[in-house]
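A.B. asks: Let me give you the structure first, and then I'll get to my questions.
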Amino acid sequence: MIAIIDYGMGNLRSVQKGFERIGFAAEVTADPARLLAAEKIVLPGVGAFRDCIHNLEQGGFVEPILQVIAEGRPFLGICLGLQLLFSESEEFGRHKGLGVIPGRVVRFPEGMQEQGEKLPVPHMGWNQISLKAETPLFKGIQDNSNVYFVHSYYVKPDDPTAIAATCNYGLEFCAAIRKDNLMATQFHPEKSQGIGLQMLKNFAEMKG
């Protein structure tokens, strides 16, 4: 079973539909116990870091999430679900994250430019990713593929070897990470058409 964590914040149905389109059933669940029964877990996220961490804590999800990651089950974080895995975020003050990946979540600086044009924040739309490390998630994915982003903050891992892909938007930032069974993307695979569906398929086919 693929479990999609429902903690009150996230584009859950679109992620579920993405798996359905490639022939895999995925269950949206607000029951922490279901995570412990799942073969694979997806942590999506939309909204503010502070509120998401609060909801995870109030919903009793923190310990099950840490347990399934430690047990080696395939785990996929999407967008804010990537950021929540880090030590802390500077969004609306400083807030502790899950601490699975040492590092911080920071905001794009104001005044970024590209070819003399000011870049808006949030970073929204299609952009290319540069693949930096092998991961089962990127099986069959070409370097410089276009994927869909919506975010104002990005992650800065302490250990650069955790970076699986980068993207350029005024600066080079981490677009995906990987650590053993754990993978997470700043972009939205479920919104990235064929490229994103291939990534979801790769995740669904992973062995624990």
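A.B. asks: Taking the solvent-accessible surface of protein heavy atoms with a 1.4 Å probe, what is the per residue accessible area of region 31-133 in Å²?
C.D. replies: 47
A.B. asks: With a 1.4 Å probe and every protein chain kept in, tell me what percent of the accessible surface of region 95-208 is carbon plus sulfur.
C.D. replies: Of the solvent-accessible surface of region 95-208, carbon and sulfur hold 46 percent.
A.B. asks: Here's another thing I want to ask about it. In 10 Å bins starting at 0, how do the alpha-carbon pair distances of region 67-144 split up by percent?
C.D. replies: 14, 34, 37, 14, 2
A.B. asks: Remind me, relative contact order of region 32-165 in percent, using alpha carbon pairs under 8 angstrom and six or more residues apart?
C.D. replies: 21 percent.
A.B. asks: Give the lysines whose C-alpha is closer than 17 Å to that of Lys201, dropping any in the same chain fewer than 8 places away, or say none.
C.D. replies: Lys17, Lys40, Lys139, Lys191
A.B. asks: Taking the dipole about the Cα centre of region 54-208, with the C-beta of Lys and Arg at +1 and of Asp and Glu at -1, give me whichever of Asn202, Leu76, Ser89 is farthest to the positive side.
C.D. replies: Asn202
A.B. asks: I would also like to ask the following. Can you tally the net charge around Met206? Count Lys and Arg as +1, Asp and Glu as -1, for every other residue whose Cβ sits under 12 Å from the Cβ of Met206.
C.D. replies: Taking every Cβ under 12 Å from that of Met206, the sum is +3.
A.B. asks: Contour minus end-to-end for Glu110 and Lys156, with contour as 0.36 nm per residue of separation and end-to-end as the Cα-Cα distance?
C.D. replies: Stretched out fully, the Glu110 to Lys156 stretch lengthens by 14.8 nm.
A.B. asks: Contour minus end-to-end for Leu119 and Ala33, with contour as 0.36 nm per residue of separation and end-to-end as the Cα-Cα distance?
C.D. replies: 26.6 nm
A.B. asks: How large is the dipole of the chain about the Cα centre if only Lys and Arg carry +1 and Asp and Glu carry -1, each at its Cβ, rounded to the nearest 20 debye?
C.D. replies: 260
A.B. asks: Largest first and to the nearest Å, give the Cα extent of region 98-208 along each principal axis.
C.D. replies: Principal-axis extents of region 98-208 (Cα, largest first): 45, 31, 20 Å.
A.B. asks: Once you keep just the Cα pairs under 8 angstrom separated by 6 or more residues, what percentage relative contact order results for region 5-45?
C.D. replies: 55
A.B. asks: Now a separate question. Calculate for the chain the 222 nm mean residue ellipticity that helices alone would give, adding -39,500 (n - 2.57) per DSSP H run of length 4 or more and normalising by residue count, nearest 500 deg cm²/dmol.
C.D. replies: The per-residue figure over the chain is -7000 deg cm²/dmol.
A.B. asks: Identify the GluC sites (Glu not before Pro) of region 1-92 meeting these criteria: DSSP loop state and at most 14 other C-beta atoms within 10 Å of the C-beta.
C.D. replies: Filter output for region 1-92: Glu39, Glu71, Glu90.
A.B. asks: Now a separate question. Hey, what does the equivalent ellipsoid look like for the chain, semi-axes from the Cα gyration tensor as sqrt of 5 times each eigenvalue, largest first, whole Å?
C.D. replies: Largest first, the chain gives 25, 20, 15 Å.
A.B. asks: To continue, here is another question. So if I take the centroid of the Cα atoms in region 26-78 and the same for region 134-208, what is the distance between those two points in Å?
C.D. replies: First find each Cα centre; the distance between them is then 18 Å.
A.B. asks: Could you list the residues of region 102-123 with an amide nitrogen less than 15 Å from a label point located 7 Å from the Cα of Glu90 in the Cα-to-C-beta direction?
C.D. replies: Under 15 Å, as judged by backbone N against the label point of Glu90, lie 103-112 of region 102-123.
A.B. asks: Does region 137-182 classify as rounded, prolate or oblate by the C-alpha gyration tensor (a ≥ b ≥ c root eigenvalues; a/c under 1.5 gives rounded; else a/b over b/c gives prolate, otherwise oblate)?
C.D. replies: Here region 137-182 falls in the oblate category.
A.B. asks: Something else: For His95, what accessible area in Å² do you get when you roll a 1.4 Å probe over the heavy atoms of the protein chains, rounding to the nearest 10?
C.D. replies: 40
A.B. asks: Once the convex hull of the C-alpha atoms of region 153-208 is built, how many Å³ does it hold per residue, rounded to a whole number?
C.D. replies: 88
A.B. asks: A follow-up question, please. If only Cα atoms are counted, what is the Rg of region 1-119, and what is its Dmax, in Å?
C.D. replies: 15.7, 52
The values are calculated or read from the model by the stated rules, or taken from the named source; none is laboratory data. All values reported here derive from a predicted model rather than from experimental measurement. A quick note on method: Cβ atoms are made from the backbone with ideal geometry, for glycine too, and the neighbour counts reach across all protein chains shown. Remember, those area values only see protein heavy atoms, side chains included, never the ligands or the DNA or RNA. Shrake-Rupley method; radii C 1.70, N 1.55, O 1.52, S 1.80 Å.
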